[in-house]
Amino acid sequence: MAILMCRPEHFGIEYEINPWMHIAVEVDHERAVEQWEALHSLYVDLGETVELTTSLAGLPDMVFSANAAVLWRRRAVLSRFHHAERAGEERHWRAALERLDFDVREVSAGLSFEGAGDALFVGDHLFLAWGFRTDHAAHAEVARLLDVESTSLELVDPRFYHLDTCFCPLDGGTALIAPRAFAPESLELVRARVPRLIEVSTEVAAGFACNAMPLSGAVISSAAVSELQPELSAIGCDTVALPMDEFIKAGGGVRCLSLPLDLG
Ligand code: ARG
C-alpha cells in the first residue's frame with residue numbers, strides 16, 4: 001500500500017479550532033518528530049511506500065495528511081476546510097495529489113469538506129460525516145464525484161469532530177466505532193451496513209484509539225489501542241500502540257497523519 005504523509009517540521013498549536021487544541025499547551029517539537037518518525041519507520045518496515053509532502057511554515061496542521069482529500073481509484077475530491085486557518089493547505093494538497101497522478105475534483109464553492117477525515121470506505125461503500133467540519137450538503141456531491149454509494153452520518157460530540165476520530169473500518173465488514181459520537185439514527189445506519197462493529201468506549205476513543213490504521217493484520221494506533229487488544233485479538237488482529245500524545249494536543253492521531261493512496 002502507498003501512504004501519503006507530511007513531515008512535522010512546522011507542526012504546532014498556533015490556533016484553536018477543536019476542543020483538544022490549546023495555544024497555551026506547547027508542543028514538544030523533538031518528541032513530535034520522534035512520534036512521527038516511529039510511525040513513518042513502521043510503515044516502511046511493513047513494506048509500505050510512503051510518499052512525503054513538504055510541510056510549510058504557517059500551516060501547522062498540514063502534518064494531518066488525512067485531511068487533504070478523499071481518494072478512490074485515481075480520483076480525489078480535495079478538501080475545502082471549514083476553518084480559514086487551514087484553507088492555505090488546499091493548493092498544496094492539490095499540487096501533491098496531481099503530482100501523484102490523481103484526477104483532482106472539488107465540491108461546489110461555499111461547501112466545506114474535510115477529506116478522509118470525514119470520509120471512510122467500508123468495502124466500496126463510503127461513509128461521510130457532517131456536524132462539525134463537513135457540510136451535509138457536500139455529501140451527495142462527493143459521492144457523485146467519486147461515483148460511489150454513500151451513507152451520511154451525523155457527529156454529535158465536539159471531541160470527535162472528524163469521522164476518523166470515532167470510526168475505523170478494519171475490513172469489508174468490520175469496524176471500530178465509538179457509538180456515543182454519533183446521533184442515534186446515524187448509529188442505526190452504521191449497524192445496518194456493517195455486520196461486525198467493535199464498540200469502543202468514549203474514554204478509550206478519547207485516547208484516539210479509533211484514529212487507527214489497519215495494516216498487515218494489525219491495528220496501528222495510539223497508546224489507547226492496547227485497551228482494545230482482547231477484542232482485536234479475538235478477531236485475529238494484532239495491535240500496535242504508538243505514543244501519539246504530541247499530536248493528540250492538536251486533536252489528531254495515527255490515522256490523521258496517514259492518507260492511504262490506493263483505495264478501490
Ligand atoms: N488540528 C487539526 C484540525 O483541527 C487536526 C486534524 C486531525 N485530522 C483528522 N483527520 N482527524 O483540523
Query raised in the report: Which one of Phe127, Phe102 is of a type in the set (Phe, Trp, Tyr), under 25 Å from Asn18 (Cβ atoms) and modelled with pLDDT of 95 or more?
Result: Phe127
Report task. Mind listing just one residue for me: the one in segment 238-264 that is farther than 23 Å from Ala69 by Cα and charged (D, E, K, R) and, of those, surrounded by the fewest Cβ atoms within 10 Å (Cβ to Cβ)? Result -> Asp238
Query raised in the report: Of the residues in segment 65-82, how many are in contact with a Phe, Trp or Tyr (Cβ under 8 Å, 6 or more places away or on another chain), assigned to a loop (DSSP other than H, G, I, E, B) and within 15 Å of the ligand (Cβ to nearest atom)?
Result: 3
Query - Members of segment 210-225 found to be closer than 17 Å to Leu259 by Cα and in a loop (DSSP other than H, G, I, E, B), listed by number - result: Cys210, Asn211, Ala212, Ser216
Query raised in the report: Considering only residues of segment 37-64 that are in contact with a Lys or Arg (Cβ under 7 Å, 6 or more places away or on another chain) and at pLDDT 95 or above, which is farthest from the ligand (Cβ to nearest atom)?
Result: Leu52
Requested in this report: From (1) in contact (Cβ under 8 Å) with a residue 24 or more places away in the chain; (2) surrounded by 14 or more Cβ atoms within 10 Å (Cβ to Cβ); (3) in a helix (DSSP H, G or I), pick out the condition that doesn't hold for Glu185.
Outcome: (2)
Requested in this report: Kindly establish whether Ala192 is more than 25 Å from Arg73 (Cα to Cα) and in contact (Cβ under 8 Å) with a residue 24 or more places away in the chain.
Outcome: no
Requested in this report: Test each condition in (1) within 18 Å of Val70 (Cα to Cα); (2) among the β-branched types (Val, Ile, Thr); (3) in a strand (DSSP E or B); (4) touching a residue at least 60 places away in the same chain (Cβ under 8 Å) for Thr151 and report the one that comes out false.
Outcome: (4)
Report task. Under 7 Å between Cβ atoms, at least 6 apart or on separate chains: pull out the pairs that start in segment 201-214 with a residue that is in contact (Cβ under 8 Å) with a residue 24 or more places away in the chain and end on any residue that is surrounded by fewer than 24 Cβ atoms within 10 Å (Cβ to Cβ) and part of a strand (DSSP E or B). Result -> Ala212/Ile220; Met213/Ile220; Pro214/Leu170
Report summary line: Looking across segment 99-121 at residues that are touching a residue at least 40 places away in the same chain (Cβ under 8 Å), in a strand (DSSP E or B) and surrounded by fewer than 21 Cβ atoms within 10 Å (Cβ to Cβ), the single one that is nearest to the ligand (Cβ to nearest atom) is Phe121
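Looking at Ser201, Ser222, Ser233, which is the one that is within 22 Å of Asp45 (Cβ to Cβ), hydroxyl-bearing (Ser, Thr, Tyr) and surrounded by fewer than 23 Cβ atoms within 10 Å (Cβ to Cβ)? Don't jump to the end; show me each part of the working.
Numbers: Ser201 fails: within 22 Å of Asp45 (Cβ to Cβ); Ser222 fails: surrounded by fewer than 23 Cβ atoms within 10 Å (Cβ to Cβ).
Only one candidate qualifies: Ser233.
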**Report entry** Residues that are away from the ligand (no atom under 16 Å from the Cβ) and of a type outside the set (A, V, I, L, M), drawn from segment 83-98
**Finding:** Arg91, Arg94, Glu98
Query - Selection status of Leu228, touching a residue at least 24 places away in the same chain (Cβ under 8 Å) and in a helix (DSSP H, G or I) - result: yes
Query raised in the report: Looking at Arg180, Arg196, Arg144, Arg191, which one is among the basic types (Lys, Arg), under 29 Å from Val104 (Cβ atoms), surrounded by fewer than 17 Cβ atoms within 10 Å (Cβ to Cβ) and more than 17 Å from the chain's Cα centre (by Cα)?
Result: Arg144
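Is it true that Arg133 is under 24 Å from Pro19 (Cα atoms), part of a helix (DSSP H, G or I), within 16 Å of the ligand (Cβ to nearest atom) and touching a residue at least 40 places away in the same chain (Cβ under 8 Å)? Working first, answer last.
On the way: under 24 Å from Pro19 (Cα atoms): yes; part of a helix (DSSP H, G or I): no; within 16 Å of the ligand (Cβ to nearest atom): yes; touching a residue at least 40 places away in the same chain (Cβ under 8 Å): yes.
It is false that Arg133 is under 24 Å from Pro19 (Cα atoms), part of a helix (DSSP H, G or I), within 16 Å of the ligand (Cβ to nearest atom) and touching a residue at least 40 places away in the same chain (Cβ under 8 Å).
The values are calculated or read from the model by the stated rules, or taken from the named source; none is laboratory data. All of these numbers come straight from a predicted model, not from anything done at the bench. Every residue, glycine among them, receives a Cβ derived from its backbone with ideal geometry; neighbour counts consider all protein chains shown.
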